[in-house]
Structure formats: C-alpha cells, structure tokens
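Just below is one structure, and these are the notes that go with it.
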Amino acid sequence: MSEERMILCGANAYEKKYYFNETFSRIPGSIQDELHIICVLFTEEAGGVFTVVFEPDGSVSLETDADENDVYYDEIGSGLLVKEIRRKRKELLQSLSLYYRALVLKEDLTGMLEEEG
C-alpha cells in the first residue's frame, strides 16, 4: 500500500488557478468538471487554497489553507464550507475513494460491494 498522499485537484485563489492531477485522467469528464466547480467555487467564496487529496488508505480529504498575511481569508467560513461539501457531495467522495482503492491501491473490493448491494 502506498504511504504517500496524492493530490487529486485543487484551486488557488491567489494565483486564480485550478490544478487537476493528470494521473487521474481516467476519471470521467463529468466528475472532473464537478471537482473543478467545487474547487473554484470554494476559493471564490472562502479564499485561500483548496485541495482534494487521497490519503494512503484511500480516503478522501478536503483541505484548505491560506497565506499567513491573508486578512480576507475566512477560516471559520472555510471550515463550514468543507463540512457542507462533505455533506452534499458524500456520494461523489465515496466514489472517488472506491476508485482510488480499486485502481491505484489495487484492493479487492468485491466483498465490500456485495455487502452494499
């Protein structure tokens, strides 16, 4: 199992840029578009930098950070926004985790999928 975290995508309000890790280019375009929208809207609303990261165990983390001197960054609002994304996009985040665990970590997920079905 990989011991490294891998960034899937992110947006930076300071540079007005969006990044998508091409390692995951096989993720369907509609999901890539949805991730793009989530990241950009997050930084438009809260500022700072927002990233979607795969943890070594395959779980998905949503992270936000800001420059030390950024007086416009809303730390409380960004935390609430992360919780809202987790709640509203729960299925998307679970699907991304399954994708990563199956295709990158090469886990056998058949038992888990049979339990859900």
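One line per residue, one yes/no per condition, for (1) closer than 23 Å to residue 19 by Cβ; (2) among the small types (Gly, Ala, Ser); (3) in contact with a helix residue (DSSP H, G or I) (Cβ under 7 Å, 6 or more places away or on another chain):
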| position | (1), (2), (3) |
| --- | --- |
| 52 | yes, no, yes |
| 55 | yes, no, no |
| 72 | yes, no, no |
| 87 | no, no, no |
Taking region 6-30 and keeping residues open to solvent by less than 80 Å² (accessible area, probe 1.4 Å) and of a type outside the set (A, V, I, L, M) leaves 9, 10, 12, 18, 20, 21, 24, 25, 28, 29
Helices (runs of 4 or more DSSP H) wholly in region 31-117 with at least 2 residues that are in contact with a strand residue (DSSP E or B) (Cβ under 7 Å, 6 or more places away or on another chain), surrounded by 14 or more Cβ atoms within 10 Å (Cβ to Cβ) and at negative phi - which ones?
75-88, 90-103
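The values are calculated or read from the model by the stated rules, or taken from the named source; none is laboratory data. Since the model is a prediction, treat every value here as computed from it, not as a measurement. We place every Cβ from the backbone using ideal geometry, glycine too, and count neighbours over all the protein chains shown. Surface areas here come from the heavy atoms of the whole protein model, side chains and all, with no ligands, DNA or RNA. Shrake-Rupley method; radii C 1.70, N 1.55, O 1.52, S 1.80 Å.
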